[in-house]
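**Student:** If you scroll down you'll find the structure; I have some questions about it.
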Amino acid sequence: MDSLARCEPNASSRFDALVARWRAPRTVGFVALALVVALLPLVMVNNYYYDIAILVALNAIVCVGLNLLIGYAGQISLGHAGFFALGAYGSALLASRYGWPPVVALAAATAGVGLVAYIVGRPILRLKGHYLAMATLGFGIIVSIVISTEDGWTGGPDGMPVPPLTLFGFVLQGERTWYWLAGGCLLLAVWIASNLIDSPIGRALRAVHTSEVAAEVAGIDSARHKLLVFVVSAVFAAVAGGLTAYYGGFITPAKASFLHSIELVTMVVFGGMASTLGAVVGAAVLTILPQFLTVLKEYEMVVFGALMMVTMIFFPRGIVPTLGRYLQRRRP
Amino acid sequence: MRAKGYPERGWPSAQPEGLLLSAAGLPQGVRAAPPEAVPRTSRPMRPQACGDPAGTLCVERLSKEFGGVHAIEDVSFAIRPGTVHSIIGPNGAGKTTLLNLLTGVYAPSSGRIVFGERELTGAPPHEFAAAGIGRTFQNLQIFFNMSALENVMTGRHLRERCGLLAAMLHTPRLARAEHECRAKANELLRFLGLEDYAHSGADSMPYGALKRLEIARALAAEPQLLLLDEPAAGLNPTEALEIDGLIKRLAATGTTVVLVEHNMRLVMGVSDHILVLDYGRKLCEGTADEVRNDPRVIEAYLGATDAPEALHA
Amino acid sequence: MGGQWVQFLAGGLTSGAIYALVALGFSIIFNASRVINFAQGEFVMIGGMSMVSLTALGLPTGVAIAGAVAIAAVVGLLLEKFAIARARGADVVTLIIITIGASIFLRGIAQLVWDKGLHALPPLSGDNPIALFGATIVPQSLWVLGVTVVIVSALSWFFGSTRLGKAMLATSHNRLAAQLVGIDIGIVLFASFGLAAALGAVAGVLIAPITFTSYDVGVMLGLKGFAAAILGGLGSFPGAIAGGLALGLLESFGAGFVSSAYKDVIAFLIMLAVLFFRPDGLLGALRTERV
């Protein structure tokens, strides 16, 4: 519209924008998370708690990426454990069999997974709804079967050992060291995801979620954007997978299983779709909970299954948004 | 390049697909590509029959079938830049189908669409948008999960290119671009009287405001040609009058406006040129006076009885 | 050489018949509710495991079969009543998680009621393999095929001639129209789950004597049954049968001639291929998808 005046951003309005951005709930959430990460060691008594925290952080990284795909872009993946495991096994193989420096191995494996996601994503993302769900499911299962069967490479169902992560000659081992590494990576993941959501790409994704027609008509190439977020979420999963492999010193094909994919999706949906912080909360709750449930060893499955059903029936939007809404209503 | 037999996008679709129907010899709605390959990106091509100047939307023998139902049949017309053009017709005449064809939401079964020098036949909707065609919907397609401001900012997508890395790291350059985008979006909201709703969720806005929001969103891309699908539907006479004024203001800036409407007062008052559709075919076209007095149009709307008052509303 | 072919053929048809029954269950539920019931495989498991328990209690075979099917049907009805019915109108992701949650829940219960071990069932008419065209076939295979044919015929009669069956068929073609002519969708839904569960249980009862049964036998069977339903066209009943048989044969011959280690991958590769190139399947049901 030529008749509209072109607004040059001046100094004070830019400052206002900056302040607005700092006050935004997303930034508050990020700061809160950073504080939690920084202060948690004060209450953690022994290595067991550190271990749990690390597992939470690593799961949360996957969930933050998966949330971009499920919550913001409105797609679904029941096979993300496949990307996780490919990142894990990829790093492990490159580092142990070929002697690559672990960080390089991780980077290379992640890039490889990104490529796989790009190739697989193009045909898969043409599907919608249930068909998309089943295609991603099929992908995940194929990955897990291949990993289990090619035991010459992967050690088969028994898994394979993974060399420790080294950085500039320092071996990164031990729960305390890994806590800071995993926590740092989580904060980085959350920061990247939040930036993405606030950008034109994020808006495009949210648009595609609500009305793909309208998004397309506004000039958004929906297929390209869906592929983009699919690849990004796969990369997040691969990084988390690689880190998990290095941390544990060992990986098994169970990490590629359908059950693991379901756990990841449940964490995202439970925590709250379209909420990065929700994904972190979901990962935390659903990683910590089974630790308590091991007490009820045989009842673990029953309770987990029941929990999934109850949450989806009564809190279909997830815990964090439901709580948020509840708190908003209580405010006078 | 699209693979052969690429399945039809179905928005909103009811067309059957599958082996059974193709076996029965019925057309499937798979796009019939013109003899030369349809380019994915624009390639300047001098259209043979549409030799008109730039900015003209030229439609040549356009047809769309849904499994034997001819929704649009052999329609040809040209829309000159800077005019206000209306498409009218009884219910079921195929007006919305035509709009869907003109924005790439449907792929034509045959025929051509050329905008200026750009061949758009068979292109996906975002390429139509990139060519400068914008549109609003009869059934609102507002992004209800965003605020009004974000809706309009999303409309500016084509004007605000952004790389993945820049988005993930929120570079200062992106921050500046976002700031400009926000400013432009606010301008548009003001232009349409929606500045109070800027930060409200779209799901809390009244219907009339949402209709204007869709127009704001479409304008955000700075289109050369704007297609409005029943912009006055569901509005009271005062609001319809505002739409009338809005269309005139848009036309004054040089934007080509194409209107699909039932509100005859609005149509007759604002249009330079009217196209009448009936049963998917072009019934006639011309100025308001020509169309008003055309016996075929009168018959289509009112039957064979002499009662042309409605067209003189 | 010919014997090998017949062997693969027999094996493929047998597992194919089972997949067909599971796929039918998927299609019946999908048609009534547009829900993909991930717990379908658990009905198979419940059928097999219940049969084990009932037989162990000393009940005669016929009664045990009826009992096992009845138990599974009741589970299916309960699932519909307490989980699916409450989540009507929810979006795809939510529904998927609910049925997956149900499947995990049922497996957890099965783990408690029974145990984690493998269980064997005596075959319906003895162990003596039959020599046929150079191949050896267990009599149970013939039972599987025979019973499947009977069931398919019974279903055709049910959908074609009974009131409830016709209502279910009508709903599968056009839900809204069915409601408008007075069909109670709630009842159709209810019955669909019961019927699908019964079908799954029959499959479980039939297959248990050939392959052992255990608390997690449902997972793979469910997924492969789903692949079969997709292959034939989700929502199409003839498609489910054709898809099931086709999948069983492809798997059998693939494992025999290509690679037996990757037998399980075949089903999923086929599913992906169908989804990529022909999402409506071989006999695709009419798709009026509103995006």
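The values are calculated or read from the model by the stated rules, or taken from the named source; none is laboratory data. Just so we're clear, the structure is a prediction, and the values are computed from it rather than from any experiment. For neighbour counting, all protein chains shown are included, and Cβ atoms are generated from backbone atoms with ideal geometry for every residue, glycine included. These accessible areas exclude ligands, DNA and RNA; they are computed on the full protein's heavy atoms, side chains included. Shrake-Rupley method; radii C 1.70, N 1.55, O 1.52, S 1.80 Å.
**Student:** Using 0.36 nm per residue, how much length does the chain from C:ALA177 to C:LEU269 gain when fully extended, once their Cα-Cα distance is taken away?
**Tutor:** 29.4 nm
**Student:** Taking beta carbons within 10 Å but only from partner chains, what does the mean come to for residues B:115-127? Intermediate values should be presented prior to the final figure.
**Tutor:** On the way: counts 0, 0, 0, 0, 0, 0, 0, 0, 0, 4, 11, 11, 3.
Average neighbour count from other chains, rounded to a whole number: 2.
**Student:** I need the shape label for segment B:105-229. Rule: rounded when a/c is under 1.5, else prolate if a/b > b/c, else oblate, with a, b, c from the alpha carbon gyration tensor. Please list the in-between numbers first.
**Tutor:** Values: a/c = 2.12, a/b = 1.26, b/c = 1.69.
It is oblate, given that a/c is not under 1.5 and a/b is not larger than b/c.
**Student:** Sticking with this one: Please give the FRET efficiency for B:ARG161 paired with A:GLN328, using the beta carbon to beta carbon distance and R0 = 35 Å, rounded to the nearest 0.05. Each step should come with its number before you reach the end.
**Tutor:** Numbers: r = 36 Å, r/R0 = 1.04.
Computed FRET efficiency for B:ARG161 and A:GLN328: 0.45.
**Student:** Also, quick follow-up: As a quick test, which of the pairs A:LYS128/A:LYS226; B:LYS211/B:LYS248; A:LYS226/C:LYS224 have an alpha carbon distance above 21 angstrom in this structure?
**Tutor:** A:LYS226/C:LYS224
**Student:** Ranking request for peptides C:132-144, A:292-304: highest mean number of other beta-carbon atoms within 10 Å first, then the rest in descending order. All intermediate terms of the calculation are to be shown ahead of the outcome.
**Tutor:** Details: C:132-144: 17.8, A:292-304: 14.3.
Ranking, from highest mean packing down: C:132-144, A:292-304.
**Student:** Right, something else. Determine which residues of segment C:1-31 fall in the zone a paramagnetic label at C:ALA131 would reach in this model, i.e. backbone nitrogen under 20 Å from the point 7 Å along Cα→Cβ.
**Tutor:** Those under the cut-off are C:1-11.
**Student:** Out of the DSSP beta bridges found with both residues in the protein assembly as shown, what percent are antiparallel (nearest 5)?
**Tutor:** Working: 30 of 46 bridges.
Just about 65 percent of them are antiparallel.
**Student:** Let me ask another. Calculate one ³J(HN,Hα) per residue across segment C:96-105 by plugging θ = phi - 60° into the Karplus curve 6.51 cos²θ - 1.76 cosθ + 1.60, and present them in order as whole Hz with x for glycine and proline.
**Tutor:** Karplus values, whole Hz, x for Gly and Pro: 4, 5, 4, 5, 5, x, 4, 5, 5, 4.
**Student:** Given the protein chains as shown and a 1.4 Å probe, how many square angstrom of C:MET49 are accessible, to the nearest 10?
**Tutor:** 0 Å²
**Student:** May I ask for the angle, rounded to the nearest 10°, between helix A:222-248 and the longest principal axis of chain A, with both axes built from Cα atoms and the value confined to 0 to 90°?
**Tutor:** 40 degrees
**Student:** Averaging over all projection directions, find the projected area of the Cα convex hull of segment C:58-170 and quote it in nm² with one decimal place.
**Tutor:** Projected over every direction and averaged, the Cα hull of segment C:58-170 covers 11.3 nm².
**Student:** Now, a different point. Can you pull the one-decimal nm distance between simple spin-label points at A:VAL104 and A:TYR48, each 7 Å off the Cα toward Cβ?
**Tutor:** Calculated label separation equals 4.1 nm.
**Student:** Could you give the accessible area per residue of chain A, probe 1.4 Å, as a whole number in Å²?
**Tutor:** Normalised by residue count, the accessible surface of chain A is 42 Å².
**Student:** May I ask for the equivalent-ellipsoid semi-axes of the protein assembly as shown, computed as the square root of five times each C-alpha gyration tensor eigenvalue and listed largest first in whole Å?
**Tutor:** Semi-axes (√(5λ), whole Å): 51, 38, 25.
**Student:** Report, in deg cm²/dmol and to the nearest 500, the calculated mean residue ellipticity at 222 nm for chain A, where each DSSP H run with n ≥ 4 adds -39500 (n - 2.57) and the sum is divided by the residue count. All intermediate terms of the calculation are to be shown ahead of the outcome.
**Tutor:** Details: 15 runs with 241 residues, N = 332.
Calculated mean residue ellipticity at 222 nm is -24000 deg cm²/dmol.
**Student:** Would you please name the chymotrypsin sites (Phe, Trp or Tyr not before Pro) within segment A:166-275 that are DSSP coil residues with at most 15 other C-beta atoms within 10 Å of their C-beta? Provide the component values of the computation, followed by the final result.
**Tutor:** Values: sites: A:PHE168, A:PHE170, A:TRP178, A:TYR179, A:TRP180, A:TRP191, A:PHE230, A:PHE236, A:TYR246, A:TYR247, A:PHE250, A:PHE258, A:PHE270; in loops: A:PHE168.
The qualifying sites are A:PHE168.
**Student:** Mind checking which of C:ILE151, C:ILE266, C:ILE207 has the largest fluctuation in a GNM of chain C, springs on alpha carbons under 10 Å?
**Tutor:** It is C:ILE151.
**Student:** Next question, about the same structure. Using just the alpha carbons, could you tell me how many Å³ per residue the convex hull of segment A:276-325 encloses?
**Tutor:** Values: hull volume 3.3 nm³, N = 50.
In segment A:276-325, the Cα hull volume divided by residue count equals 67 Å³.
**Student:** Given the -39500 (n - 2.57) contribution per DSSP H run of 4+ residues, what per-residue ellipticity at 222 nm results for chain C, rounded to the nearest 500 deg cm²/dmol?
**Tutor:** After summing the helix terms and dividing by the residues of chain C, the value is -24000 deg cm²/dmol.
**Student:** Taking a spot 7 Å from the Cα of A:GLN173 along the direction of its beta carbon, which residues of segment A:239-254 have an amide N less than 13 Å from it?
**Tutor:** A:247-250
**Student:** Let me ask something else. For the pair C and A, how large is the buried accessible area, both sides, in square angstrom to the nearest 100, if the probe is 1.4 Å?
**Tutor:** On the way: alone 14030 and 17810 Å², together 28050 Å².
Chains C and A together bury approximately 3800 Å².
**Student:** Could you give the C-alpha radius of gyration of segment A:98-242 expressed as a fraction of 2.2 N^0.38 Å, taking N as the number of residues it contains? Show your work: numbers first, answer last.
**Tutor:** Values: Rg = 18.4 Å, N = 145, 2.2 N^0.38 = 14.6 Å.
Relative to the 2.2 N^0.38 Å estimate, segment A:98-242 comes out at 1.26.
**Student:** For B:LYS64, list the aspartates and glutamates whose Cα falls under 16 Å from its own Cα; do not include residues on the same chain fewer than 8 positions away.
**Tutor:** Correct list for B:LYS64: B:GLU8, B:GLU17, B:GLU73, B:ASP74, B:ASP278.
**Student:** Checking the a/c ratio against 1.5 first, then a/b against b/c, what shape does the Cα gyration tensor give for chain A?
**Tutor:** Details: a/c = 1.45, a/b = 1.34, b/c = 1.08.
Rounded, because the longest to shortest axis ratio a/c is under 1.5.
**Student:** Another question about this same structure. May I ask for the distance between the Cα centers of segment A:151-190 and segment B:65-135, given as a whole number of Å?
**Tutor:** 56 Å
**Student:** If you don't mind, there's one more thing I want to ask. Taking Cα centroids, how far is segment A:268-284 from segment C:204-264 in Å?
**Tutor:** Measuring centre to centre over Cα atoms gives 36 Å.
**Student:** For labels at C:ALA120 and A:PHE250 in the simple 7 Å Cα→Cβ model, what's the distance in nm?
**Tutor:** The modelled label-to-label distance comes out at 3.3 nm.
**Student:** A further question on this structure: What shape does segment C:130-189 have by the C-alpha gyration tensor, where a ≥ b ≥ c are the square roots of the eigenvalues, rounded means a/c under 1.5, and otherwise prolate means a/b greater than b/c and oblate the rest?
**Tutor:** Prolate is the answer for segment C:130-189, as a/c is 1.5 or above and a/b outweighs b/c.
**Student:** Quote the total accessible area buried by chains B and A together, excluding ligands, DNA and RNA, probe 1.4 Å, nearest 100 Å².
**Tutor:** 3800 Å²
**Student:** Next question, about the same structure. Just add up the charged neighbours of B:ALA177: K/R +1, D/E -1, any other residue whose Cβ is under 11 Å from the Cβ of B:ALA177.
**Tutor:** It works out to a net charge of +4.
**Student:** What residues qualify as long-range amide H neighbours of A:PHE250, i.e. H under 5 Å apart, gap of 5 or more or another chain, H built at 1.01 Å from N?
**Tutor:** A:VAL162
**Student:** Taking only Cα atoms, what is the 0 to 90° angle, nearest 10, from helix C:185-207's long axis to the longest principal axis of chain C?
**Tutor:** In chain C, helix C:185-207 runs at an angle near 10 degrees to the longest axis.
**Student:** Applying the Karplus parametrisation 6.51 cos²θ - 1.76 cosθ + 1.60 with θ = phi - 60° to the phi angles of segment B:243-255, what ³J(HN,Hα) value in whole Hz is obtained for each residue in order, glycine and proline being reported as x?
**Tutor:** The phi angles translate into 4, 4, x, 4, 4, 5, 5, 4, 4, 5, 7, x, 6 Hz.
**Student:** Roughly what angle does helix C:40-56 make with the longest principal axis of chain C, taking Cα atoms, 0 to 90 degrees, to the nearest 10?
**Tutor:** 50 degrees
**Student:** Whole number in Å², please: accessible area per residue of segment B:146-299, 1.4 Å probe, ligands, DNA and RNA not counted.
**Tutor:** 41 Å²
**Student:** In whole percent, and with a 1.4 Å probe on the protein chains, what portion of the accessible area of the protein assembly as shown is carbon and sulfur?
**Tutor:** Answer for the protein assembly as shown: carbon and sulfur cover 63 percent of the accessible area.
**Student:** Mind checking B:150-158 for the average number of partner chain beta-carbons within 10 Å of each residue's beta-carbon?
**Tutor:** 6
**Student:** Separate question: If I model a spin label at C:VAL74 and C:THR211 as a point 7 Å from the Cα along the Cα→Cβ vector, what separation in nanometres do I get?
**Tutor:** That separation, rounded to one decimal, is 2.8 nm.
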